[in-house]
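A short write-up of the structure that comes next.
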Amino acid sequence: MKYEQLLELYNKPLFELIEQSRAVHAENWPENEVQLCTLLSIKTGGCSEDCSYCAQSARHSAPVKSESLMEKDDIMERAQSARDNGSTRFCMGAAWRGVRAGTKRFDNVLDIVSSVSELGMEVCVTLGELGAEEAAALKEAGVTAYNHNIDTSPEHYPEIVTTHTFQDRLNTIKHAQDAGMSICCGGILGLGETYEDRLKMIEVISEFNPQPESVPINSLMPMPGTPLAESTKVDIFDVVRMIAITRIAVPKAKVRLSAGRKLISEEGQALCFFAGANSIFYGDKLLTAANPSFQNDQVLLKKLGMNYQAPNPNMAAPAKDCTKEASPCCN
Ligand code: SAM
Ligand code: DTB
Ligand code: SF4
């Protein structure tokens, strides 16, 4: 969806916007379900990159210890308990700039993915930059979806990250798509961006061909020791508005209400679900930041009468729309 159309949506009164997003949601997701996803940081801290929101960058002074890749047995235990707790997607994150084929650590990751993929959940990984070879190997090992966020608009990106470029992110997304993985691509609200930046971010995401299978909308968790530690909280109505716009712009995607739920009231979260969010990270820790507890989420979803989505580990990646040109920025 182009910027002008997104701007038109943005300028609507909130309830009118939500009426429209509800209609799109009901047409594409009639089941009143929410997907539960569990995140695990399999390699924490010590990252070479300077993403100014991130507690895992070695360039900031966040109190996060740098650890090596977790042992496979420990990861399997966490994956099994995520499945036992009702999660249908297991998402493993690593604080790396990227991975390279032929390295020991990449071989270890492939081995981990292939074992986790036998548990019957969707397997998502977020490992940073990928080339074509790495993407093909991950797909072959059993990855369902690759998470790689663009985080903000192309214009605002250099204010937030200087050690890699927006184009680097697009190249990785293209490699993952070409390898046949689904794409999970979203961003963060609260990085000092304008509403124009937010709409430009959604423009890029919605113009991917194929569109992403999931779009995480994170609200900044201000992490001590990072350059954005003192940022002000994102207004809940801005979050709701962006969820509604994302639902309309990427109708078939799971719109994941991601980081920041710990800072949002139950009423605020309910409004996000009403506006079109249908997936959450479930469990009291994200990668390093806090998240609501299992118990609180179970109570909230019960109060809202929402059902849990079934796993779909063999889901095919969204098909390319051949009537539409690929996004110019990803060719
Ligand atoms: N290193 C890989 C990368 O950058 O793609 C994977 C891990 S990285 C932590 C995954 C995503 O988490 C980031 O792209 C960003 O969108 C999100 N994230 C990281 N720190 C955050 C924070 N403090 N608040 C909200 N979202 C955050
Ligand atoms: C995404 O968009 N959000 C998740 C997941 N993809 C990997 C990560 C949120 C991280 C929040 C900050 C932290 O836990 O350190
Ligand atoms: Fe590293 Fe990813 Fe954090 Fe950036 S967001 S510092 S690449 S772990």
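The values are calculated or read from the model by the stated rules, or taken from the named source; none is laboratory data. Predicted, not measured: the structure shown is a model, and the values here were computed from it. Here the Cβ is made from the backbone with ideal geometry for all residues, glycine too, and neighbour counts use every protein chain on show. Calculation scope for accessible area: heavy atoms of the full protein, side chains included, ligands and nucleic acids excluded. Shrake-Rupley method; radii C 1.70, N 1.55, O 1.52, S 1.80 Å.
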Next on the checklist: Checking the condition touching a Pro at 6+ places or on another chain (Cβ under 7 Å) and part of a loop (DSSP other than H, G, I, E, B), which residue from Ser52, Ser68, Ser61 passes?
Outcome noted: Ser52
Checklist outcome for this item: Pairing a residue in region 43-60 that is acidic (Asp, Glu) with any residue that is within 13 Å of ligand 2 (Cβ to nearest atom), where Cβ atoms lie under 7 Å and the two sit 6 or more apart in sequence or on different chains, gives Glu49/Ser57; Asp50/Ser57
Checklist entry - Looking at region 23-37, which of the residues that are touching a residue at least 60 places away in the same chain (Cβ under 8 Å) and surrounded by fewer than 17 Cβ atoms within 10 Å (Cβ to Cβ) is farthest from Phe294 (Cα to Cα)? => result Glu27
Next on the checklist: So, in region 76-97, how many residues would count as being in contact with a helix residue (DSSP H, G or I) (Cβ under 6 Å, 6 or more places away or on another chain) and either within 16 Å of Ala289 (Cα to Cα) or acidic (Asp, Glu) (or both)?
Outcome noted: 0
Checklist entry - Mind checking whether some residue in region 81-90 is modelled with pLDDT of 95 or more, more than 22 Å from Pro222 (Cα to Cα) and open to solvent by 70 Å² or more (accessible area, probe 1.4 Å)? => result no
Item to check | Filter result (within 24 Å of Lys233 (Cβ to Cβ), free of Cβ contacts under 8 Å to residues at least 40 places away in the same chain and away from ligand 2 (no atom under 14 Å from the Cβ)) within region 160-199 | outcome: Gly192, Thr194
Checklist outcome for this item: With criteria (1) crowded, with 23+ Cβ neighbours inside 10 Å; (2) in contact with a helix residue (DSSP H, G or I) (Cβ under 7 Å, 6 or more places away or on another chain); (3) not small (Gly, Ala, Ser), Glu122 comes up short on (2)
Item to check | Of all residues in region 187-199 being in a helix (DSSP H, G or I) and open to solvent by less than 60 Å² (accessible area, probe 1.4 Å), the one that is farthest from Lys12 (Cα to Cα) | outcome: Asp197
Next on the checklist: Whether any residue in region 99-113 is within 20 Å of Glu213 (Cα to Cα), open to solvent by less than 20 Å² (accessible area, probe 1.4 Å) and more than 10 Å from ligand 1 (Cβ to nearest atom) is what I want to check.
Outcome noted: yes
Checklist entry - Within region 259-271, is even one residue buried (at least 24 other Cβ atoms within 10 Å of the Cβ), away from ligand 3 (no atom under 16 Å from the Cβ), over 25 Å from Asp84 (Cβ atoms) and among the β-branched types (Val, Ile, Thr)? => result no
Checklist outcome for this item: Of those in region 157-186 that are outside any helix (DSSP H, G or I) and surrounded by fewer than 20 Cβ atoms within 10 Å (Cβ to Cβ), the residue farthest from ligand 3 (Cβ to nearest atom) is Gly180
Checklist outcome for this item: When every residue in region 52-75 that is under 23 Å from Tyr282 (Cβ atoms) and in contact with a helix residue (DSSP H, G or I) (Cβ under 6 Å, 6 or more places away or on another chain) is compared, the one farthest from ligand 1 (Cβ to nearest atom) is Lys72
Checklist entry - Restricting attention to region 272-302, which residues are under 14 Å from Thr38 (Cβ atoms) and either within 16 Å of ligand 3 (Cβ to nearest atom) or within 15 Å of the chain's Cα centre (by Cα) (or both)? => result Ser279, Ile280, Phe281, Tyr282, Lys285, Leu286, Leu287, Asn291
